[in-house]
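Participant: Please find one structure pasted underneath; my questions will follow.
The values are calculated or read from the model by the stated rules, or taken from the named source; none is laboratory data. Just so it is clear, the structure is predicted and the values come from calculations on it, not from any experiment. Reconstructed Cβ throughout: ideal geometry from the backbone, glycine too, with neighbour counts over all protein chains shown.
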Amino acid sequence: MRAAEIQDDLSEILVTEEQIREKLDELAARVAADYAGKDLLLVGVLKGAFVVMADFARALPMHAPIDFMAVSSYGASTKSSGVVQIRKDLDTDLHGKHVLIVEDIIDSGLTLSWLLENFESRGAESIEVLALLRKPEAAKVHIDCKYVGFDIPTEFVVGYGLDYAERYRNLRDVAVLAPHVYS
Ligand code: PRP
């Protein structure tokens, strides 16, 4: 779906499809150089990361198995504590693996903070994070993210995997949702 096809729902396009493609090519080249000769495993965090994973993995000029995990917070009261529930676990044993977590967005950082601790306990050789988007002003915990696509303002963004009530994930660009859609 293109932004022009739903322009009444959007206030602004923040990152275009072309900008994303260029950035992922750049990040893929860096990752390939950093992981040359290493046993790299890409881990996507569902649902949002399915689009960035598909594009990043294909931009990567080296072999890399792909696994996915699905997590969700227990509820509003525990979201702030960063306690998440595993809805779908990894199929892969992390022992000896160099894990690169591929995320669509880092908002408060709580999901990744929990995941990083969880992965560390599974014996991974190394763990790094790639996030297409990051909202620096929304951070509640610091996440050491080695590969960042774009820092964006704290706005309600959709597209490229990000949803509002399960819609807009298939929008090609990243855009700010118009307030009339959710208010
Ligand atoms: C989004 C995103 C991250 C998380 C980031 O997922 O994909 O996993 O939120 O937020 P945080 O930094 O505040 O923890 P969401 O929980 O919306 O689920 P979804 O990917 O299924 O849409």
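Participant: Could you identify the single residue in Val45, Val52, Val71, Val31 that is touching a Lys or Arg at 6+ places or on another chain (Cβ under 8 Å) and either in a strand (DSSP E or B) or modelled with pLDDT of 95 or more (or both)?
Facilitator: Being touching a Lys or Arg at 6+ places or on another chain (Cβ under 8 Å) and either in a strand (DSSP E or B) or modelled with pLDDT of 95 or more (or both) holds for just one of Val45, Val52, Val71, Val31, which is Val71.
Participant: Tell me the residue from Val102, Val141, Val129 that is touching a residue at least 40 places away in the same chain (Cβ under 8 Å) and within 19 Å of Ile66 (Cβ to Cβ), please.
Facilitator: Being touching a residue at least 40 places away in the same chain (Cβ under 8 Å) and within 19 Å of Ile66 (Cβ to Cβ) holds for just one of Val102, Val141, Val129, which is Val102.
Participant: State all residues of region 1-21 that are touching a Phe, Trp or Tyr at 6+ places or on another chain (Cβ under 9 Å) and of a type in the set (Asp, Glu); if no residue qualifies, say none.
Facilitator: Asp9, Glu17
Participant: Name the residues in region 115-159 that are assigned to a strand (DSSP E or B), over 18 Å from Val15 (Cα atoms) and not small (Gly, Ala, Ser), would you?
Facilitator: Selection gives Ile127, Glu128, Val129.
Participant: Moving to a separate point now. Any residue in region 82-98 that is among the polar types (S, T, N, Q), modelled with pLDDT under 95 and more than 9 Å from the ligand (Cβ to nearest atom)?
Facilitator: yes
Participant: Further question on the same structure: Given the criteria of a type in the set (Val, Ile, Thr), more than 21 Å from Phe156 (Cα to Cα) and not in a loop (DSSP other than H, G, I, E, B), does Val99 qualify?
Facilitator: Considered against the rule, which asks whether it is of a type in the set (Val, Ile, Thr), more than 21 Å from Phe156 (Cα to Cα) and not in a loop (DSSP other than H, G, I, E, B), Val99 comes out as yes.
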